[in-house]
Amino acid sequence: MTEPLLSVRNLKVSYAVGGGSVDAVDGASFDVPRGSILGLVGESGCGKTTVARAITRVIADNARITGGEMIFEGTDIAAIPERQMNALRWRDIAFIPQSAMNSLDPVYTVESQLHEVLRRRGGMDRRAAQARAEELFEMVGIEKSRLRDYPHQFSGGMRQRVAIALALALNPKLVIADEPVTALDVIVQRQILDQLRELQAMLGISVILVTHDISVVAYVCDRTVVMYAGRIAEEGPMEAVLTRPMHPYTMGLRNAFPDLKGAASGTLTPIEGAPPNLASPPPGCRFAPRCPFALEVCTRAQPPLRELASGHRVACHRADEAPVLRELAVRTETWLVPA
Amino acid sequence: MAGAGMRPIDPIASEPLVSIRDVQLHYRMGGIFSAMRGRSSVVKAVDGVSFEIRRGESVGLLGESGCGKTSMGRLLLKLEEATGGEIVFAGEPVTALKRAALKRYRARAQLIFQNPFDAVNPRFSIRAALSEPLENAGIPAAEREGRIVKALELVRLPQPQQFLDRYPHQLSGGQLQRVVMARALILEPDFVVADEPVSMLDVSVRAGVLNVFRDVRDRLGLTAIYISHDLALVRYVCERTIVMYLGKVMEDGPTEDIVREPLHPYTQALVAAVPVPQPDQSHDPLPIGRGAPDPRNPPSGCVFRDRCPYAFERCPVEVPRLRQVGTRKVACHLFDDTTGKQ
């Protein structure tokens, strides 16, 4: 296999909170292959957005990257000076935020915002910038006559298309999209995901898609990383992770998620309890308090991320028993009382 | 009733609890200056909606943002005044209710809010939050604590006593949404309107809240409206679904029939758009035109026709009526016998 576009190794990100610190991301390692979409999936507070932001190094004022490497095309972008990092942003690594309304300036036309990026960061002259702006609008399927419009004149879906156009302005190699379709209705959501997939394939770029929705992962991603409480639970090819999950958390997520193609009589099974408070996480596996399969060792030792099938890695002490656990996990009664 | 008669039901249960007839909620947009220039416009948030809900029935109001589903829910609870039409609850017109009668109605018809963190006053303990409706209903202080504990047990909060003196921020989202549900149920209503009650919750806890909702509804024999944009969730809690688009009902029928074989072209696109958590799923382009219409200026005739792949001559000139088609009602000219299609 060719060398990945980005290798994240043992990434740690801490937030300073009320005198102490909280490790929002505690040792995340994964690769982003070239020309693929990677889904970073997990629930609120699992650290997925923090990982995504750490890669751009635009993080909250009270956050700090406290360890690990992020090798992007041979360079550790965790270690380079801010000036050098800034030169990579937008040109090599671009960001699509959840709500395009927050990233677009309401008092300027989208044309002037595209021009600013293309001319200031891209070094284009006025004419080249205009041609590129029109090309970008065509790429994302908006009539170029709308370049002169202000952000509020666009619908939510159209604004998200503008945000995609802005992110692609300077031909980045990696696009990080943070819940890009969460605020949109299903029909628009589907159309935006189709657009994203089409552009990704056409341009041969890599995309990290941050989402809480495993059906979005199933729809567009090639690989997926499942996070829980600041750590990676499972990582692998999308199809393997969703159809043959090896981590009990992933198995539980599947049970809790409604499936319109599934039987009507199906019951959704919740995972009892709530994720741990990261200010005082449990020792051992962080999922152990909610896991129906937890053993004594799980409450004591942190399970390492091990590769068990080709490109499929999992952090679970009982991963070798995954086929058996999967059979138990589909039964509702398994999840009724956590061990 | 003419609605979805998919299972044998006894006559008392089949009597409609709620009847909605040609209800409208029109807003006038623009201020006095636009009006002077003749430019004020009307937004028809709800436009000529009619349906009936039988006792004990759970009905999903499904649609995208701006379709009027939340407005419809607010009209049902008289949180919003209809600009036309009639809403009848247990034989009484809701639209005409005043003072004492309205207060009685409010105790019988309850709303479950979307965001539990907005729905509960952060300065109130759980005890205080749940005492308020009891106090308003004139329940003696001595009885209140018992009722509160019972309501918390009903929504399966284990060891309810331990929650009484806690504050909202000390509860998880799932626990707080159960408290919100308990508050809506504490006066033992007949009818609840739940507006996207789990959209703020994580997937792993969402299932638990939905299960409680189903369980409580069945145990109390509640009549329920579940408002959502998510067909998979509606399917989980509602036997019947009403699909809305731009203030109008497009399709109304048994949820399972709608999921399996949607009839209205809009419902077809909506069903096809729902992503499923499985690797093998269709990536075909959706059978729908892009771009949501401007609600101030909806298309003539059928409001969906400018995005409809099957639109024909009749669609721009005539508003389709909601017609009975098998187990359902559909508002589409394709299903009119005189057109002779499908």
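The values are calculated or read from the model by the stated rules, or taken from the named source; none is laboratory data. All values derive from a computational prediction rather than experimental measurement. Every residue, glycine as well, gets a Cβ built from its backbone with ideal geometry; the counts of neighbours run over all protein chains shown. These area figures cover heavy atoms from the full protein model, side chains too; ligands, DNA and RNA do not enter into them. Shrake-Rupley method; radii C 1.70, N 1.55, O 1.52, S 1.80 Å.
What does the convex hull of the Cα atoms of region B:75-154 come to per residue, in Å³, rounded to a whole number?
On the way: hull volume 10.5 nm³, N = 80.
That works out to 131 Å³ per residue.
Rounding to the nearest 20 debye, state how big the charge dipole of chain A is about its Cα centre with +1 on each Lys and Arg Cβ and -1 on each Asp and Glu Cβ.
In debye, rounded to 20, chain A gives about 480.
Here is how the number arises for chain B: DSSP H runs of 4 or more residues each give -39500 (n - 2.57), the sum is divided by the residue count, and the result at 222 nm is -9500 deg cm²/dmol. Structural size metrics of the protein assembly as shown, computed from C-alpha coordinates, are Rg and Dmax of 26.5, 79 Å. Binning all Cα-Cα separations of chain B at 20 Å, short to long from zero, yields these whole-percent fractions: 28, 55, 16, 0.
If B:Glu196, B:Glu256 are ordered by their accessible area, calculated over protein heavy atoms with a 1.4 Å probe, which sequence runs from highest to lowest? Let's see the in-between values first.
Details: B:Glu196 20, B:Glu256 50 Å².
Correct descending sequence by accessible area is B:Glu256, B:Glu196.
Accessible surface ranking for B:Glu251, A:Glu73, 1.4 angstrom probe, highest first: A:Glu73, B:Glu251.
Counting only protein chains, not ligands or nucleic acids, how are B:Met200, A:Met251 ordered by accessible area (probe 1.4 Å), most first? Working shown, then result.
Working: B:Met200 105, A:Met251 5 Å².
Descending order: B:Met200, A:Met251.
The orientation-averaged shadow of the Cα convex hull for region A:209-267, equal to a quarter of the hull surface, comes to 4.2 nm².
Computed over Cα pairs, the Kirkwood radius of region A:243-335 leads via Stokes-Einstein (1.306 mPa s, 10 °C) to a diffusion coefficient of 112 µm² per second.
Would you mind counting up the charge near B:Lys98? Only other residues with Cβ under 14 Å from its Cβ, with Lys and Arg at +1 and Asp and Glu at -1.
Values: positive: B:Lys78, B:Arg99, B:Lys103, B:Arg104, B:Arg106; negative: B:Glu81, B:Glu92.
It works out to a net charge of +3.
At the listed q of 0.22 Å⁻¹, the Debye profile of region A:1-127, built from one uniform point per Cα, gives log10 I(q)/I(0) equal to -1.37. Remark: C-alpha extents of region A:17-58 on the principal axes read 42, 22, 17 Å, sorted largest to smallest.
Under a Gaussian network description of chain A, with springs only between Cα atoms under 10 Å, the residue in A:Gln200, A:Gln153, A:Gln302 that fluctuates furthest is A:Gln153. Across chain A, Cα-Cα pairs more than 40 Å apart make up 15 percent of the total. Taking every protein chain into account, the 1.4 Å probe leaves B:Thr70 with about 60 Å² of accessible area, to the nearest ten. Cα convex hull, region B:195-252: 87 Å³ per residue, rounded to a whole number.
Considering only A:Ala315, A:Ala263, A:Leu5, and ranking their Cα positions along the charge dipole of chain A that arises from unit charges at the beta-carbon of Lys, Arg, Asp and Glu, the one farthest toward the positive end is A:Leu5. A probe of 1.4 angstrom, applied to the heavy atoms of all protein chains, finds A:Trp90 with accessible area near 80 square angstrom.
Note on region B:110-218: Cα Rg divided by 2.2 N^0.38 Å, N the number of residues, gives 0.97.
Note: relative contact order over region A:243-335, using C-alpha pairs below 8 Å and six or more positions apart, is 34 percent.
Its DSSP H runs of at least 4 residues, each contributing -39,500 (n - 2.57), put the calculated 222 nm mean residue ellipticity of chain A at -8500 deg cm²/dmol, to the nearest 500.
Diagonalising the gyration tensor over the Cα atoms of region A:106-172 and scaling each eigenvalue by 5 before taking the square root yields semi-axes of 18, 12, 11 Å, largest first. Taken over region B:210-342, the alpha-carbon convex hull comes to 132 cubic angstrom per residue. Within the listed set B:Glu143, B:Glu132, B:Glu52, the residue fluctuating most in the Gaussian network model of chain B (springs between alpha-carbon atoms under 10 angstrom) is B:Glu143.
For region A:268-316, what is the convex hull (Cα atoms) projected area averaged across all directions, in square nanometres?
Numbers: hull surface 18.2 nm².
Hull-based average projected area comes out at 4.5 nm².
Largest mean-square fluctuation among A:Arg313, A:Arg53, A:Arg120, in a Gaussian network model of chain A whose springs join Cα atoms under 10 Å apart, belongs to A:Arg120.
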